[in-house]
Amino acid sequence: MATENQEEIKIQFVLNGETRDISVNPKTLLLDYLRDAGLKSVKSGCREGDCGTCTVLIDGIPTQSCVTKLSTVAGKKIETLEALGTAENLHPLQKTFLETGAIQCGFCTPAQILTAKALLEKNPNPTDEEIRESLSAVLCRCTGYVRNIDAVMRAAAVMRGESVSDYKVPELIFQSDIDKVVLPQAYYRKDDKKKPLLPLVLTPEKMPKMIAVGKTPTKVDGVKLVTGKPAFTDDVQPEGLLFAALLTSPHAHANIKDIDTTKAKALPGVIEVLTYKDIPRVKYATSGQSYPQPMPYDQVVLDNKVRHVGDRVAVVAAINREIAEKALKLIDVTYEVLPFVLDAELAMKDGAPVIHDEKDTEGIFDASHNRVYHIEAEVGEPDQAFKESDNIIEGEFRTPKQQHAQLEPHICITYLDEDNRLVVRTSTQVPFHVRRIIAPLIGLPEKRIRVIKPRIGGGFGGKQEVLLEDLCSILTLRTGRPVRLELTRSQEFTSSRTRHRQALRFKLGVKNQKLIAAEFKLIGDTGAYGTHGLTVNMVAGFKGLTLYNAPNSRFICDVVYTNTPPSGAFRGYGAMQAQFAVEVLMEEFAEKLGVDVIEFKRKNWLKLGETMHLAKKLGEGREGYEQAMVTSGMEDCVKVGLKATEFFAKRELYKAQQGQIKKGIGMAVVIHGSGIAGLDMAAATLKMNDDGSFNLTVGATDIGTGSDTILAQIAAEELGIPVEDFIVYSSDTDFTPFDKGAYASSTTYISGGAVLKAARNIRGQILTHAAKMLKVNEPETLRIVERRIIAPDENSVTMREVALSSLHQLDQHQIMATESHISFTSPPPTAAQFAEVKVHTDTGEVEVERLLMVVDCGRVINPITAAGQVEGGMAQALGFAMGEDTYYNANGNVTNDRFSTYDLVKADKMPPLDVIFVQTDEPSGPFGAKSVSELSIDGAAPAIVSAVHNATGVWFHDLPLTKEKVLTGLSK
Ligand code: FES
């Protein structure tokens with residue numbers, strides 16, 4: 001990248017075995033040089049030396065290239081992932097990262113592999129601790145590090161010349177009584193306390209056997225990720241690219257009286273500067289949801305008012321990053337600073353600053369008190385039921401404003417193609433929603449916009465928002481040039497989205513230990529804009545009141561604006577906060593009643609066949625559909641977890657501990673959903689090729705979850721051919737059919753349903769054509785086995801022969817099908833979460849020593865990718881419970897807006913994350929599948945609080961559980 005006014009110096013170094021003699025600007029960063037040189041495995045996650053995704057080896061030492069000047073590498077040897085192995089000849093580390101499922105989004109993978117390589121070169125036989133310590137230099141937000149550590153151990157063994165056994169997930173088949181299952185010893189964790197365990201799958205004997213489903217094929221996109229191929233948004237840059245940069249507000253609340261861009265525009269290299277004066281005022285919401293998105297549309301592309309530190313003020317496009325950043329400093333903004341409010345409860349009071357006082361926003365419930373939504377829903381007669389209760393408990397809980405902290409920042413590249421259509425290449429979970437939402441903002445019809453979703457470096461809900469695509473597109477339309485716009489890491493904390501901070505008050509009433517009444521009052525802090533405020537908080541109400549499904553229930557909720565960065569979609573989506581509160585309160589209730597907590601929960605949790613009382617009243621942003629629990633593995637999950645943790649024995653033991661360090665064990669039960677009933681729709685297309693392979697094109701968005709692989713497995717199962725015969729492509733609004741996108745735990749269940757229908761359709765076409773070739777009258781008598789269609793008389797044709805015949809010879813036509821799928825039920829996956837902790841009562845430190853989740857997600861399509869979801873979910877939940885929150889200074893500025901100050905759990909501090917699946921067979925899901933991704937984040941917080949109580953006798957209601965809060969709680 002060119003930089004100005006710098007005298008260049010000559011240096012020589014060796015890059016991936018090749019000597020380079022170059023003249024270099026002393027300010028050039030190694031990261032930028034390497035990426036400009038085409039080495040796209042080197043990622044840019046923070047540019048602050050904190051995340052480690054830019055790690056390369058310099059003379060064999062892992063080094064962060066984003067804080068290394070190119071001039072300092074003179075005379076040294078630099079190695080990037082590109083030098084390791086090729087797709088045909090992978091390095092042992094690349095192989096083991098692939099086979100263990102250590103790759104989810106893959107953004108951190110190159111740096112993790114290089115870091116591990118450096119370790120193994122120094123220490124060929126590292127301990128688990130040494131691997132953890134080494135990998136802690138590279139953050140991974142997806143995995144929980146379990147498979148990564150396993151991958152390094154296996155590679156080390158291979159490199160030492162030892163043989164390693166197949167990486168095969170153990171499965172135990174059980175008859176009706178799960179109590180009789182004898183778990184393998186390792187799952188009790190008596191000996192090796194930290195060693196990564198493979199997930200264990202427990203399968204009822206009556207479930208049909210599968211061929212492709214339930215297996216763990218190599219991820220269909222794994223090789224390109226493990227070899228660092230250019231797969232992400234920023235890895236492909238068009239010629240003549242302009243670099244855009246965003247000017248954001250330094251004030252929590254202010255009117256912009258004027259903006260003068262004269263000096264910025266005069267800076268050589270600046271091509272465009274845009275402010276609110278330049279862009280038509282079109283109201284919209286950034287939430288990437290189905291049409292019509294819930295009101296209010298309380299944003300415009302650029303406004304003359306700012307409502308939080310980090311709010312958009314202006315955007316610059318220039319010929320390089322440095323000039324764009326310099327130009328931002330030359331924009332003169334005259335602010336009229338206004339009083340601000342950071343707390344939702346204060347924001348509702350009379351006299352609080354009014355955040356949305358603009359006249360053109362419709363649909364705010366009570367703008368003068370900053371209440372954007374007020375939600376009430378009720379079933380039965382809660383007041384009467386409380387009167388009839390023989391015992392009542394109440395509790396108030398608080399949950400933090402957690403950041404997604406995905407490693408790839410929000411990034412978008414836009415350009416005009418040869419037909420003058422706008423192409424938006426963007427890191428999004430919702431490509432089809434992006435196209436629809438930006439069209440009116442940029443003044444183009446949808447048909448002139450093509451949105452391409454490349455590989456995504458993590459999303460977790462944060463990329464379900466339309467944050468950059470509008471501005472980037474407008475810059476391209478104004479300049480006629482390709483434009484790249486990316487949030488800085490600091491802007492990720494101040495200008496993107498977070499989890500909703502919530503204050504939750506539950507009141508529960510029982511009669512003979514049976515829950516008959518529940519009331520849930522919720523205040524959800526949506527930050528400066530509404531976006532997902534309605535839907536997240538409705539889901540909180542529905543899931544929070546459905547886990548125990550009292551017949552007389554009431555939900556009262558206010559969703560409130562504050563002058564803080566907006567809240568949005570985040571894995572768990574309100575359900576995790578609500579289930580944290582209700583689970584802890586149920587534990588307290590059992591203690592108050594003097595009854596066994598498991599029996600008490602068992603008596604009350606949502607049971608098989610039960611109607612979910614609030615399903616109709618609390619849909620997502622609108623009325624929902626009547627639903628009942630059709631499959632549930634809750635009971636079995638609890639039994640298995642109790643056994644694997646020796647729960648009762650430990651619980652008793654820990655009640656009478658002496659000394660300052662005390663141990664505890666806790667548990668929680670949780671449910672989630674599988675897509676949004678009656679709203680989420682997905683489609684899939686299968687097309688047969690000459691060789692009998694298939695293009696599987698889906699609008700579903702693999703954001704690291706492994707959904708491309710899972711969808712191929714579903715098609716493979718139906719068609720009786722291997723996964724490698726599918727070329728999966730997702731997603732591109734020009735070439736793939738519609739899908740609502742990756743959210744609401746819907747991909748396996750909804751998108752998988754579409755793939756299964758398309759595969760069934762294709763199967764019918766293949767059998768019909770093969771029957772003609774084989775001169776068989778009844779196509780349904782044919783069967784497909786290993787790429788061969790076999791007639792009852794054992795005559796057969798191959799898939800390839802069918803393809804060639806149908807395309808070139810007999811009754812010529814293209815065998816292909818597109819099918820759509822929607823479900824009017826959202827079957828809840830269920831799980832039991834267990835946590836073991838050690839509490840340092842002198843310092844308040846809580847060490848989580850083990851998290852075990854026993855999961856019923858229906859049929860497990862791929863146990864390794866599913867386990868990866870559960871491990872990653874538990875890891876993020878651990879952060880939610882123990883340390884992640886957003887803090888502000890007196891001006892409303894976020895004080896922990898860096899990875900170095902935001903409390904992410906790194907590899908060296910991550911406890912063992914164990915996963916056991918108990919399979920059920922959900923009739924509405926593809927091959928019996930429900931969802932897994934969000935369920936996995938729901939349980940750790942209440943289980944940890946339960947464990948801390950077991951250790952100390954104190955209940956904690958306010959997350960995260962910092963040392964200070966624990967000490968304060970213990971001192972009461
Ligand atoms: Fe590590 Fe996604 S796989 S950040």
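No lab work stands behind these numbers, since they all come straight from the coordinates. Only a predicted model underlies this, so the values are computations on that prediction, with no experimental measurement involved. Here Cβ is always computed from backbone atoms with ideal geometry, including for glycine, and neighbour counts include all displayed protein chains.
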### Query
Quick check, is Val341 crowded, with 23+ Cβ neighbours inside 10 Å and within 33 Å of the chain's Cα centre (by Cα)?
yes
### Message
Whether any residue in the range 170-177 is part of a loop (DSSP other than H, G, I, E, B) and under 22 Å from Gly706 (Cα atoms) is what I want to check.
### Response
yes
### Message
Of everything in the range 452-511, what is surrounded by 24 or more Cβ atoms within 10 Å (Cβ to Cβ), within 16 Å of the ligand (Cβ to nearest atom) and farther than 21 Å from Ser731 by Cα? Give them in sequence order.
### Response
Glu492
### Message
Restricting to the range 886-937, name every residue that is under 19 Å from Leu198 (Cα atoms) and in a loop (DSSP other than H, G, I, E, B).
### Response
Met910, Pro911, Pro912, Gln919, Val932, Ser933
### Residues within the range 65-90 that are surrounded by fewer than 24 Cβ atoms within 10 Å (Cβ to Cβ), free of Cβ contacts under 8 Å to residues at least 40 places away in the same chain and in contact with a Ser or Thr (Cβ under 9 Å, 6 or more places away or on another chain), tallied
1
### Query
Restricting to the range 697-724, what's the tally of residues that are more than 14 Å from the chain's Cα centre (by Cα) and not in a loop (DSSP other than H, G, I, E, B)?
16
## Note on the structure
Residues in the range 621-673 that are part of a loop (DSSP other than H, G, I, E, B), under 28 Å from the mean Cα position of the chain (by Cα) and among the aliphatic types (A, V, I, L, M) total 2
### Query
Does the range 398-418 include one or more residues that are surrounded by fewer than 18 Cβ atoms within 10 Å (Cβ to Cβ), basic (Lys, Arg), farther than 30 Å from Val945 by Cβ and away from the ligand (no atom under 16 Å from the Cβ)?
no
### Summary
When the range 339-398 is checked residue by residue, the ones that are among the aromatic types (Phe, Trp, Tyr) and more than 14 Å from Val560 (Cα to Cα) are Phe386, Phe397
### Query
On the given criteria, is Val152 part of a loop (DSSP other than H, G, I, E, B) and either within 16 Å of the ligand (Cβ to nearest atom) or of a type in the set (Val, Ile, Thr) (or both)?
no
### Task
Could you check how many residues of the range 227-261 are in contact with a helix residue (DSSP H, G or I) (Cβ under 6 Å, 6 or more places away or on another chain) and in a strand (DSSP E or B)?
4
### Query
Across the range 814-873, which residue is surrounded by the fewest Cβ atoms within 10 Å (Cβ to Cβ) among those that are touching a His at 6+ places or on another chain (Cβ under 8 Å) and assigned to a strand (DSSP E or B)?
Glu847
### Query
In the range 756-765, is there at least one residue being within 27 Å of Ala866 (Cβ to Cβ) and in a strand (DSSP E or B)?
no
### Summary
Residue count, the range 362-386, condition part of a loop (DSSP other than H, G, I, E, B) and crowded, with 19+ Cβ neighbours inside 10 Å, comes to 2
